[in-house]
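The values are calculated or read from the model by the stated rules, or taken from the named source; none is laboratory data. For clarity, every value in this text was computed on a predicted model and none was experimentally measured. Note that we place each Cβ from the backbone using ideal geometry, even for glycine, and neighbour counts take in every protein chain shown.
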Amino acid sequence: MSEWYIGPGAGATMSTISLMPKLVDKFYSQGITYGLTTRYISENHFGFQIDLNYFEAGWKEDLNGLGKASDYSYSRKLNFVEIPFLMHAYTGSKASRVFLNVGPKFSYLLSETEEIRDLSPKNDLRDHEKKVENPFQYGIVAGAGFEFHLKRSVLGLEGRYCYGLTNIFDDQIDSENFSSSSLQTISLHVYVLFELNGYIK
């Protein structure tokens, strides 16, 4: 058995950061993602997948303890290009499948922006106006979803969680740095894949 697929996808992201010391409570930041997927099914119920995506991450801060995402005091948005390498396992029929994707993800920071809404001195925290010091990031991705197989195409929906294994700031324990600053991201995206078997001889 050998199946090749390729196609575009797009969706929404939610992300935050695990800072140590914590400083203030964090909210999830919303963003978008889109890109291209290539999948190779090597045998029944098993294959491999590689993506090339644009991915927005970041976080918001709740300086005043209001507990409402709309009342954040500070936010940062990070724009990445990412490449996940995934093991693809599935079960189901010819018409529909449920699947699991697991593997490493590598990403590189393209740009970053900050928004400071509370200009009071108490909001002058050490992560504000501190540029990302480690633009190359990697982590572990786990995703699950379902898809419908049509004649020569696939329509699917997948949710993913990525646990960052690197820090965006240098990990030093002093008054100006953080011992931990890893990103945690959730995404939900839809995609369309086109089967290439009929075109590859």
* To do: Quick one: Gly11 ticks every box in (1) at pLDDT below 95; (2) farther than 17 Å from Gln137 by Cβ except a single one, so which number is it?
  => (1)
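Scan region 12-24 for residues that are closer than 18 Å to Phe169 by Cα and either among the aliphatic types (A, V, I, L, M) or part of a strand (DSSP E or B) (or both) and jot them down. Full working, then the answer.
Filtering region 12-24 down to residues closer than 18 Å to Phe169 by Cα leaves 15-24.
Residues satisfying the conditions are Ser15, Thr16, Ile17, Ser18, Leu19, Met20, Leu23, Val24.
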* Asked: Of the conditions (1) under 18 Å from Met14 (Cβ atoms); (2) exposed (fewer than 13 other Cβ atoms within 10 Å of the Cβ), Lys131 fails just one. Which one is it?
  -> (1)
* Asked: Among the residues of region 64-97, which ones are charged (D, E, K, R) and either in contact with a helix residue (DSSP H, G or I) (Cβ under 7 Å, 6 or more places away or on another chain) or not in a strand (DSSP E or B) (or both)?
  -> Lys68, Asp71, Lys94
* To do: Return the residue satisfying two criteria in turn: it lies in region 98-121 and is part of a strand (DSSP E or B) and small (Gly, Ala, Ser), and of such residues it is nearest to Phe136 (Cα to Cα).
  => Ser107
* Structure fact -> Considering region 134-161, residues that are surrounded by fewer than 16 Cβ atoms within 10 Å (Cβ to Cβ) and of a type in the set (D, E, K, R), and then whichever is modelled with the lowest pLDDT, we arrive at Lys151
* Looking only at region 115-128, count how many residues are in contact with an Asp or Glu (Cβ under 7 Å, 6 or more places away or on another chain) and farther than 17 Å from Asp171 by Cα. => 0
* To do: Please verify whether region 42-63 includes one or more residues that are part of a loop (DSSP other than H, G, I, E, B) and in contact with a helix residue (DSSP H, G or I) (Cβ under 7 Å, 6 or more places away or on another chain).
  => yes
* Structure fact -> Residues of region 32-74 being of a type in the set (A, V, I, L, M), within 30 Å of Glu3 (Cβ to Cβ) and at pLDDT below 95, in sequence order, are Ile41
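Criterion first (more than 23 Å from Leu188 (Cα to Cα) and either of a type in the set (S, T, N, Q) or out of contact with any Phe, Trp or Tyr (no Cβ under 6 Å at 6 or more places or on another chain) (or both)) does Lys130 satisfy it?
On the way: more than 23 Å from Leu188 (Cα to Cα): yes; either of a type in the set (S, T, N, Q) or out of contact with any Phe, Trp or Tyr (no Cβ under 6 Å at 6 or more places or on another chain) (or both): yes.
For Lys130, the condition - more than 23 Å from Leu188 (Cα to Cα) and either of a type in the set (S, T, N, Q) or out of contact with any Phe, Trp or Tyr (no Cβ under 6 Å at 6 or more places or on another chain) (or both) - is met.
On the basis of being within 19 Å of Asp25 (Cα to Cα) and at pLDDT 90 or above, does Leu183 make the cut? Please lay out each step first, then the result.
Working: within 19 Å of Asp25 (Cα to Cα): yes; at pLDDT 90 or above: yes.
For Leu183, the condition - within 19 Å of Asp25 (Cα to Cα) and at pLDDT 90 or above - is met.
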* **region 76-114, subset of a type in the set (D, E, K, R) and under 24 Å from Thr166 (Cα atoms), residue surrounded by the most Cβ atoms within 10 Å (Cβ to Cβ)** => Lys105
* Asked: Considering Leu100, Leu119, Leu155, Leu86, which residue is of a type in the set (A, V, I, L, M), closer than 20 Å to Gly47 by Cα and over 20 Å from the mean Cα position of the chain (by Cα)?
  -> Leu155
* Asked: How many residues are out of contact with any Leu (no Cβ under 7 Å at 6 or more places or on another chain) and either free of Cβ contacts under 8 Å to residues at least 12 places away in the same chain or not β-branched (Val, Ile, Thr) (or both) if we restrict to region 32-47?
  -> 8
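Could you list, in sequence order, the residues of region 61-75 that are crowded, with 17+ Cβ neighbours inside 10 Å and within 23 Å of the chain's Cα centre (by Cα)?
If we filter region 61-75 for residues that are crowded, with 17+ Cβ neighbours inside 10 Å, which is where we start, we get 61-63, 72-75.
If the condition is that a residue be crowded, with 17+ Cβ neighbours inside 10 Å and within 23 Å of the chain's Cα centre (by Cα), then Glu61, Asp62, Tyr72, Tyr74, Ser75 are the ones that fit.
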